[in-house]
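The values are calculated or read from the model by the stated rules, or taken from the named source; none is laboratory data. Every value quoted in this text rests on a predicted model; they were computed, and no experiment measured them. FYI the Cβ positions are ideal-geometry reconstructions off the backbone, even for glycines, and counts take in every protein chain you see. Heads up: the accessible areas ignore ligands, DNA and RNA and are worked out on the full protein's heavy atoms, side chains in. Shrake-Rupley method; radii C 1.70, N 1.55, O 1.52, S 1.80 Å.
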Amino acid sequence: MADHVEHALPDYRILPPDVAARMAQIKQRDYVLEIDRVTKVFTQKKNRTVALDAIEFGVHRRELVCVVGPSGCGKSTLVRILAGLEDATSGQILMNGKPVRGPGSDRGMVFQKYTLFPWLDVCRNVMFGIEMGGVDRLEAQRQAMQWLQMIGLEQFATAFPHQLSGGMQQRVAIARALAASPRVLLMDESFSALDAQTRTKMQNYLMEIWRKIDITIVFITHDLDEAIYLADRILVLKPNPGRVEEVIEVPLSRPRRAEQMTSDEFLATKAHLEGLIRSFGTSDDMDEEDVKIDLPLLTLVTDQVE
Amino acid sequence: MQGFLASWRLYGRTDRMLRNVFGILAVLLPLLLWSAVSYLPFVWHPQVLITDPGGEEYLETGMRMNRVDFLRAVKEMQDQHQPAPQGIPTNPVYLPSPGEVLSAFVHAFTSSAPVGAEHSITQAFAHSIRIIFWGFVISSVMGVPLGIMCGSIPAVARLVEPSVDFFRYLPAPAFGALAVAILGIYDAPKIAIIVIGTLFQQILVIANTTRKLDFALVEASRTLGAKGLRLLFRVVIPGILPDLYRDQRILLGWAWTYLIVAELIGTSSGITWFITQQARYQHFDNVFAAMALIGIVGLGTDMVLGVIGGKLFTWKRENG
């Protein structure tokens, strides 16, 4: 199958006309979020690890950017710095041109772990960020119910997080983050704890929400399919030290559909990404198909399965 | 039967009925053992209760003596052809039978006759409970907020915890003389001992509980715009509340262990005074009844608090 695809694949850099037009449109918009020469160094005793080395990148308004890279390339560190949960060693983050310090409600975040407050019911969870913005309780409740309607979970308003499935919890977490009316939504491998089917649903879901409201999304993932399926642009980081390797404009038109995942453009982009990631050659590569397992035969010789 | 065997395996399963059966057995087996030792003469009974001194001069009715000594006395009398002393096998005076303890227990609640300096078990015990209550309340008023601050504010932790750790290792009784010198001889120094014994542990235990709050929840709330006091009151405290409650239950038990020391300093009082007095008179049935009362009240409060906790914090229980 691999050979069959290889010679048929177009160049991933050639954008179809509609995508090119859209890309040009996006690039005319201002940067909402700018990463200005951000460097992060971890010092442990005498070990200095450069996790991020002078990262420079700008995210346009209402753009959906995915960040990919092999494990250890600092993509989680990057998103935590964007959220303000960690400080950059040097460089800064600009929101609408102004430098930010610490976490704030202008940058919402959805974590990989389930982080709904377990002592609050679903509605009160969504109300949390609204109330932190200084809105009184009744109004917050009204807004929260609207958000729950939007994600289709209004009948679970009084349920507690532990009574919901993982996918539902992450949906509520997205609603909770969006309800605090952030400018940017940061997602740190938010769907990676979900099973494959739920993940696909959640991806469509996220794009549906993103179309309807004025939100800019930065999505960290290690799943290349997910990155290509979701993103306008993909920021590829390379490890040791973490640097921007390439910024890929995804040659897929919107709205995205699951069928596009078998299109030539998709496969070409994926092949290129896989090649890039493999070229970094870290020990814990994300696709380990090359690993040869040396296992002695532990069954009877006569007991053949293939 | 299969369920019964399964409940003995490592991490085995039990059903509701078996759990109840084991629960009842847990109470019944020690009681049965005690009854066997008390009522079956062949089980232990190392002494003899004299019913008739016979010809031996130094014996009196109602005396207890070791069986060996009794047999020697019998032999002596027989050799001298005098009437042999009579007696029945009995346990030492410090091990009264369940029946005697039960009647002492019932007596304590039904009679108002004065027994010693403290008038009855119930009065002595009420006094003890007052001491515990105030000691624990005063300790908690200081210890809970301080513990939470130690667990959540690094500067407070650095400032407070070293000295708390120092005081924690000083045994509370060491403060006895000091407490009496400062606070007089009545209830105040006793309450102080309970406070000293509980407070320092309380600060460290609660600080640790606060530190164990899932940090992802704190980070999530920060990205939602929570900080300062609102972060503390809307996230940290609700998040640790079930564990805090459990800590308080354990610490309340802790406070009880300091009661004995507390009640012996200054003017002895309360249940400890009652027990020591009764032991001096060799009224061991009263001693056992008092001990049973402490145990029952302790277990009872803990069970009630446990049930209340389960009702209050359903989210925690079902979260595992």
- line: If you go through A:Thr115, A:Thr39, A:Thr49, the only one that is out of contact with any Lys or Arg (no Cβ under 7 Å at 6 or more places or on another chain), crowded, with 22+ Cβ neighbours inside 10 Å and within 27 Å of A:Leu224 (Cα to Cα) is A:Thr115
task: Output the residue which, of all residues in segment A:165-183 that are outside any helix (DSSP H, G or I) and more than 12 Å from chain B (Cβ to nearest Cβ), is least open to solvent (accessible area, probe 1.4 Å).
output: A:Ser165
- request: Within segment B:220-230, track down each residue that is assigned to a helix (DSSP H, G or I), facing another protein chain (nearest Cβ under 10 Å) and surrounded by fewer than 18 Cβ atoms within 10 Å (Cβ to Cβ).
  value: B:Arg230
- prompt: Does any residue of segment B:283-295 turn out to be touching a residue at least 60 places away in the same chain (Cβ under 8 Å), within 12 Å of chain A (Cβ to nearest Cβ) and open to solvent by 20 Å² or more (accessible area, probe 1.4 Å)?
  reply: no
field: Qualifying positions in segment A:132-158 - open to solvent by less than 20 Å² (accessible area, probe 1.4 Å) and more than 22 Å from A:Tyr205 (Cα to Cα)
entry: A:Met132, A:Ala140
- prompt: Residues of segment A:123-139 being more than 12 Å from chain B (Cβ to nearest Cβ) and of a type in the set (A, V, I, L, M), which ones?
  reply: A:Leu138
- request: Among the residues of segment A:72-110, write down those that are away from chain B (no Cβ under 12 Å) and touching a Pro at 6+ places or on another chain (Cβ under 8 Å).
  value: A:Gly72, A:Cys73, A:Gly74, A:Gln92, A:Ile93
- prompt: Can we say B:Ala262 is assigned to a helix (DSSP H, G or I), away from chain A (no Cβ under 14 Å) and touching a residue at least 12 places away in the same chain (Cβ under 8 Å)?
  reply: yes
statement: The one condition B:Ile193 fails out of (1) under 13 Å from B:Ser152 (Cα atoms); (2) within 27 Å of the chain's Cα centre (by Cα) is (1)
query: How do the pairs read when you match residues in segment B:168-186 that are in a helix (DSSP H, G or I) with residues anywhere that are polar (S, T, N, Q), using Cβ under 8 Å and keeping only pairs 6 or more apart or on different chains?
result: B:Arg168/B:Gln201
